[in-house]
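Novice: Could you have a look at this structure, given as structure tokens, before my questions?
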Amino acid sequence: MASLAGRKPAVFLDYDGTLTPIMPRPDLAVLDVAVRSGIERLAGLCPVAVVSGRDLEDVARLVALPGLVYAGSHGFDIRGPDLRVQIGAEHGPALDRAEAALRQDLAGIDGALVERKRFAIAIHTRLVAPQSKPAVADAVHRRAAAEEGLRVTGGKEIHELRPNVPWDKGRAVLSLLDRLGLAGGAVRPVYIGDDETDEDAFRALAGRGTGIRVMDGPAPTAAEWRLRDPGEVAVFLARLADALDLGRPVATPAL
């Protein structure tokens, strides 16, 4: 609250690993009712957006709060009240070809999960045996090399193929600040995320916002602050809402 210095926060939240624990399969990461209520309360006090690697429709369904801004596929697909942005739609045919090839290439590797999103393909390796994970990575990189319009990015137990355009969570957040009229000095953006893709947002907000990395121990990051797990994120969001509701800082122990 001291870092806000009287400004209103605009809160940007990742989903997996931030609002919910990382699960073996994406469909198991269901938002807790209490966390949803906390986000809803906070959204009544300041702007809130969910910025996820998930498909836009998927993350909007899971959070299920109307009136929020949702940015899916790492910000390639954005929707909010009076807002619709899509980046890289022309690369759909390349993603279609890559999806079909990867499903064939990885069919013989137990645990490899190919998840098609509208603007990306995620290949999950959490259930893959350690000795088979290099083969998954090789297949993904071969497919990226075969499709000039796609590039490989990574994260926790995941490889992704995305349109090869200069766009990521950081650029998406900066664009949202402009489009929503939040880029002035009266607002301080706060971004909370747990993965490599969230580092793009931390770097983009350096010097103008606050980055909070969700991780259970110290590690290199561009974020200024750390929360250990989604449970602490829920506590933090509740305390932030308390402070905004009261209009003054509240005493909080170090997390």
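The values are calculated or read from the model by the stated rules, or taken from the named source; none is laboratory data. Just so it is clear, the structure is predicted and the values come from calculations on it, not from any experiment. Glycine also receives a Cβ, built like all others from the backbone with ideal geometry; neighbour counts cover every protein chain displayed. Just the protein is used for accessible areas: all its heavy atoms, side chains included, with ligands, DNA and RNA removed. Shrake-Rupley method; radii C 1.70, N 1.55, O 1.52, S 1.80 Å.
Novice: Please go through region 130-161 and give me each residue that is of a type in the set (Asp, Glu) and either open to solvent by less than 60 Å² (accessible area, probe 1.4 Å) or assigned to a helix (DSSP H, G or I) (or both), ordered by number.
Specialist: Across region 130-161, the qualifying residues are Asp138, Glu147, Glu160.
Novice: Is there any pair linking a residue in region 76-98 that is at positive phi to one that is in a loop (DSSP other than H, G, I, E, B) and buried (at least 21 other Cβ atoms within 10 Å of the Cβ), with Cβ under 6 Å and at least six apart or on different chains, and which?
Specialist: Correct list of pairs: Gly88/Phe76; Gly88/Phe119.
Novice: Pick from region 113-129 the residues that are in contact (Cβ under 8 Å) with a residue 60 or more places away in the chain and small (Gly, Ala, Ser): which of them is surrounded by the most Cβ atoms within 10 Å (Cβ to Cβ)?
Specialist: Here the answer is Ala120.
Novice: Condition first: buried (at least 21 other Cβ atoms within 10 Å of the Cβ) and either among the aliphatic types (A, V, I, L, M) or part of a strand (DSSP E or B) (or both). Now tell me which residues in region 72-86 satisfy that.
Specialist: Those that are buried (at least 21 other Cβ atoms within 10 Å of the Cβ) and either among the aliphatic types (A, V, I, L, M) or part of a strand (DSSP E or B) (or both): Gly72, Asp77, Ile78.
Novice: When the residues of region 44-71 are filtered to those that are open to solvent by 40 Å² or more (accessible area, probe 1.4 Å) and in a helix (DSSP H, G or I), which remaining residue is nearest to Leu150 (Cα to Cα)?
Specialist: Glu57
Novice: Scan region 87-112 residue by residue and report those that are outside any loop (DSSP other than H, G, I, E, B), open to solvent by less than 70 Å² (accessible area, probe 1.4 Å) and not acidic (Asp, Glu).
Specialist: Ala89, His91, Gly92, Ala94, Leu95, Ala98, Ala100, Ala101, Leu102
Novice: Return the pairs, sorted by first residue and then second, in which the second residue is among the polar types (S, T, N, Q) and assigned to a loop (DSSP other than H, G, I, E, B), the first residue lies in region 196-215 and is under 13 Å from Gly17 (Cβ atoms) and open to solvent by less than 10 Å² (accessible area, probe 1.4 Å), the beta carbons are less than 7 Å apart, and the residues are 6+ apart or on different chains.
Specialist: Val214/Thr18
Novice: Which pairs have Cβ atoms under 7 Å, sit 6 or more apart or on different chains, and link a residue in region 30-57 that is within 17 Å of Leu246 (Cα to Cα) to one that is of a type in the set (Asp, Glu)?
Specialist: Within 7 Å, the pairs are Leu45/Asp245.
Novice: Also, quick follow-up: List the strands (runs of 3 or more DSSP E) that sit entirely inside region 167-255 and contain at least 1 residues that are of a type in the set (A, V, I, L, M, F, W, C) and out of contact with any Leu (no Cβ under 7 Å at 6 or more places or on another chain).
Specialist: The strands (runs of 3 or more DSSP E) meeting that bar are 187-193, 225-227.
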